[in-house]
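Only one structure is covered here, and it is reproduced in the block below.
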Amino acid sequence: MRNAILSAIFDQMADIMEILGEDPFRINSYRKVSRAVAELPTDVGILLEDGRLAKTPGIGKSSLAKIQEFVASNRITAHEELLERIPPSLLELLHIPGMGPKGVKAVYEGLHVKGLDDLKRVVEDGSLATLPGFGQKKAAAIQRGIEFLEKSTGRIRLDQAMEAAEMVCACLRGLSGVKRVEAAGSLRRRAETIGDVDILVATGKGKSKSRTSPEKIIQSFTQASFVERVLASGDTKGSAIIQTETTPVQVDVRVVPAESFGAALQYFTGSKQHNVRLREIAIKSKLKLNEYGLFDGDKQVAGATEEGIYKKLGLDPVPPLLREDRGEVEAARSHALPELVQIEDIRGDFHMHTLASDGRNEIEQMVGAARGLGYEFLCITDHSESSVIANGQSPKRLAKQIEQIRRIGAKLKGITLLAGAEVDILADGSLDFDDKLLADLDYVVASIHSGMTSPREKVTMRTLKAMESPYVSCIGHPTGRLLGQREAMDLDIAAVIEQAAQTHTALEINANPYRLDLKDLHCKMAAEAGVKLAIGTDAHSTEGLGLMHFGVATAGRGWATKDDILNTLSPAKLKSWLRAKRPR
Ligand code: DGT
Ligand code: CA
Ligand code: CA
Ligand code: ZN
């Protein structure tokens with residue numbers, strides 16, 4: 001997507017200027033543009049043309065001119081000029097944990113380091129440790145950072161981060177004197193990918209012999225069996241790479257006294273941008289906000305709880321899912337924060353596979369698992385014929401499965417079994433089954449599983465056309481991305497949302513942590529346009545139904561309330577919602 005490339009260019013311009021030691025004001029403004037562009041809902045070209053881009057906060061006149069140049073020619077002269085002023089390999093160093101633009105500037109100027117090999121050399125010969133501002137400890141941290149970078153692939157998925165957090169939390173919760181253990185950072189905000197896991201530990205007041213000291217708490221973490229490598233181990237802070245089932249994960253643990261726990265939790269939950277806004281508000285009220293508390297001079301006026309801090313700043317408490325500086329601070333001030341959908345509101349699941357296609361369990365087993373989750377409905381959606389590798393069903397097999405579903409459903413009490421299918425959207429936008437068969441289903445999720453790299457016009461046309469069918473209830477995993485594996489299709493998401501609104505079609509939030517598709521920002525756009533969102537786990541086994549919470553978190557990050565989510569309807573209301581699109 002063009003916006004992502006443009007955002008990265010502005011970020012890189014800021015990095016280079018910082019390495020060159022240029023005007024901090026301009027550096028900061030480029031960072032702002034980078035972020036603003038990354039969050040634009042629509043292609044920059046379109047927003048530029050209709051004048052909306054000029055009105056976007058954070059994008060000034062000179063940046064606008066650069067964006068114009070980019071849209072017209074796919075390049076920015078100022079960017080290319082900046083690139084010529086430093087060795088290109090210098091930018092690689094920014095990926096090393098512990099090396100920011102300032103660090104790169106220092107090694108470039110002080111030791112003539114031009115790339116990774118140079119940096120390794122100055123680490124090994126000891127000259128980095130003698131460079132002002134570095135020292136033994138920092139040099140060692142950078143050495144470990146280099147090793148980590150060479151082994152790791154960068155950001156991890158939410159489920160992987162959660163697994164790591166659970167391992168560490170479990171090991172810390174048992175210690176005496178530990179009052180609370182919570183995950184903070186991007187994990188607490190349920191961001192779609194996670195850089196590292198941040199864990200906070202609260203200890204009780206005063207000293208007692210039986211109580212574990214903060215230093216001992218950190219040691220319990222760094223000496224745990226799952227730790228692969230210790231990056232840092234201090235009095236109140238430790239950092240290590242731990243090995244989960246699928247990936248190494250960096251975990252930071254910090255120990256704070258109970259009276260500062262709320263402040264620390266607020267600070268380390270972030271996001272950084274959200275915190276910057278809060279600090280500005282504090283300063284305006286002549287207060288000081290940091291990870292130890294909210295202070296009036298030397299007096300702590302809040303800090304034990306997060307709510308206390310928000311309240312003292314004149315804000316309603318902001319749910320962690322919303323802390324991205326996307327309007328939540330303003331909403332908190334005017335008591336207009338949305339009441340986000342909760343997992344308890346969810347009455348059923350829309351997307352799952354059984355042995356009939358590529359799932360691992362029988363329909364009856366899926367029903368049992370759904371009951372166990374307290375659901376009132378579930379919908380079986382096996383693949384259609386064109387999905388050959390997924391053992392998609394022929395029309396004949398589907399017809400038989402519908403009969404089977406009706407038979408099983410008729411005997412059930414307290415839970416409604418819906419007959420559905422995940423139907424492929426074919427290359428021309430037509431559907432894999434004919435209308436007569438589709439009409440026998442209660443729910444149809446239509447998905448693209450092929451030709452995902454086709455141009456924007458093509459993938460968008462296919463999606464829009466599928467929604468024209470009166471039998472398509474929902475578009476499945478609309479952008480097709482797989483986090484860390486496959487880019488999203490170049491879909492015109494605004495057009496898809498408009499069509500969904502016009503045609504009474506829901507859009508899926510696929511809850512699988514590889515997908516989270518629609519993603520948060522797209523969910524927000526859809527909900528604002530009045531489009532209903534259907535959360536589906538895309539379960540391929542009974543356990544898969546347990547992924548629902550990832551979808552609910554994504555919905556929440558998209559500011560979705562109960563009303564926006566189809567899963568919160570009773571079976572009766574749901575059926576009438578689904579019938580509304582169909583011919584009478
Ligand atoms: P990640 O790890 O990249 O997925 O994202 P975060 O948000 O977990 O970021 P991380 O681990 O670097 O820092 C955790 C939180 O600490 C972050 O969300 C906000 C806070 N924080 C870190 N550095 C700064 C800073 O320079 N200024 C402010 N205001 N907050 C910071
Ligand atoms: Ca983090
Ligand atoms: Ca961190
Ligand atoms: Zn599926």
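Classify the range 1-50: rounded, prolate or oblate, from the alpha-carbon gyration tensor (a ≥ b ≥ c, eigenvalue square roots; a/c under 1.5 rounded; otherwise prolate if a/b is larger than b/c)? Each step should come with its number before you reach the end.
Values: a/c = 3.14, a/b = 2.35, b/c = 1.34.
Prolate, because a/c is 1.5 or more and a/b exceeds b/c.
With Cβ to Cβ distances under 14 Å as the rule, what net charge do the other residues near Asp434 carry (K, R +1; D, E -1)?
Numbers: positive: Lys396, Lys436; negative: Glu385, Asp424, Asp432, Asp435, Asp440.
Neighbourhood net charge equals -3.
Quote to one decimal, in nm, the extra length available between Asp298 and Thr453 on full extension: 0.36 nm per residue of separation minus the C-alpha distance between them. Intermediate values should be presented prior to the final figure.
Values: separation 155, 0.36 × 155 = 55.80 nm, distance 5.85 nm.
Full-extension gain reported as 50.0 nm.
In the calculated pair distance distribution of the chain, what percentage of Cα-Cα distances lie above 43 Å?
Details: 47452 of 170236 pairs.
Cα-Cα pairs of the chain separated by over 43 Å account for 28 percent.
Go through 219-228, 488-497 and give me the packing order, highest mean Cβ count within 10 Å leading. Please list the in-between numbers first.
Details: 219-228: 16.2, 488-497: 21.2.
Top of the packing list down: 488-497, 219-228.
If you add up the charges near Glu403, with Lys and Arg at +1 and Asp and Glu at -1, over every other residue whose beta carbon is less than 13 angstrom from its beta carbon, what do you get? Could you put the intermediate results ahead of the total?
Working: positive: Lys396, Arg397, Lys400, Arg406, Arg407; negative: Asp440.
Result for the local shell: +4.
Hey, can you rank 373-384, 498-509 by average C-beta count inside 10 Å, highest first?
On the way: 373-384: 23.5, 498-509: 21.8.
So the peptides 373-384, 498-509, ranked by packing, come out 373-384, 498-509.
I need the calculated FRET efficiency for the pair Ala224 and Glu291, taking r as the beta carbon distance and R₀ as 22 Å, to the nearest 0.05. Could the numbers behind the result be given before it?
On the way: r = 25 Å, r/R0 = 1.11.
Plugging the Cβ-Cβ distance into 1/(1 + (r/R0)^6) gives 0.35.
What spacing in nm lies between the two simple spin-label points modelled at Glu259 and Glu109, each 7 Å away from Cα in the Cβ direction?
A separation of 4.2 nm, rounded to one decimal place.
If packing is taken as the mean number of other Cβ atoms within 10 Å per residue, what is the order of 301-312, 557-568, 84-95, highest first? Please report the intermediate quantities before stating the final value.
Values: 301-312: 18.8, 557-568: 22.2, 84-95: 15.5.
Descending mean neighbour count gives 557-568, 301-312, 84-95.
So how far apart, in nm, are the two label points at Arg582 and Arg75 if each is 7 Å from Cα heading toward Cβ?
Result: 5.7 nm between the two label points.
So if we plug the beta-carbon distance of Thr503 and Glu344 into 1/(1 + (r/R0)^6) with R0 = 30 Å, what FRET efficiency do we get, rounded to 0.05? Walk me through the intermediate numbers first.
Numbers: r = 31 Å, r/R0 = 1.02.
Step by step, r from the Cβ atoms, then E = 0.45.
Arg180 to Ala410: FRET efficiency via 1/(1 + (r/R0)^6), r the Cβ-Cβ distance, R0 35 Å, to the nearest 0.05? Don't skip to the answer; put the middle values down first.
Values: r = 50 Å, r/R0 = 1.41.
After rounding to 0.05, the efficiency reads 0.10.
If Lys and Arg each add +1 and Asp and Glu each add -1, what is the summed charge of the other residues whose beta carbon sits under 12 Å from the beta carbon of Ile76? Write out the running numbers ahead of the final one.
Numbers: positive: Lys66, Arg75; negative: Glu69, Glu80, Glu81.
Local charge sum for Ile76: -1.
Cross-link candidates for Lys61: which lysines have Cα within less than 17 Å, leaving aside residues fewer than 8 places away along the same chain?
Lys32
All of the numbers you see were taken from the coordinates with simple rules; none came from a lab. These numbers were taken from a predicted model, which means no experiment stands behind them. As a convention, Cβ positions derive from the backbone with ideal geometry for all residues, glycine included, and neighbour counts pool all protein chains shown.
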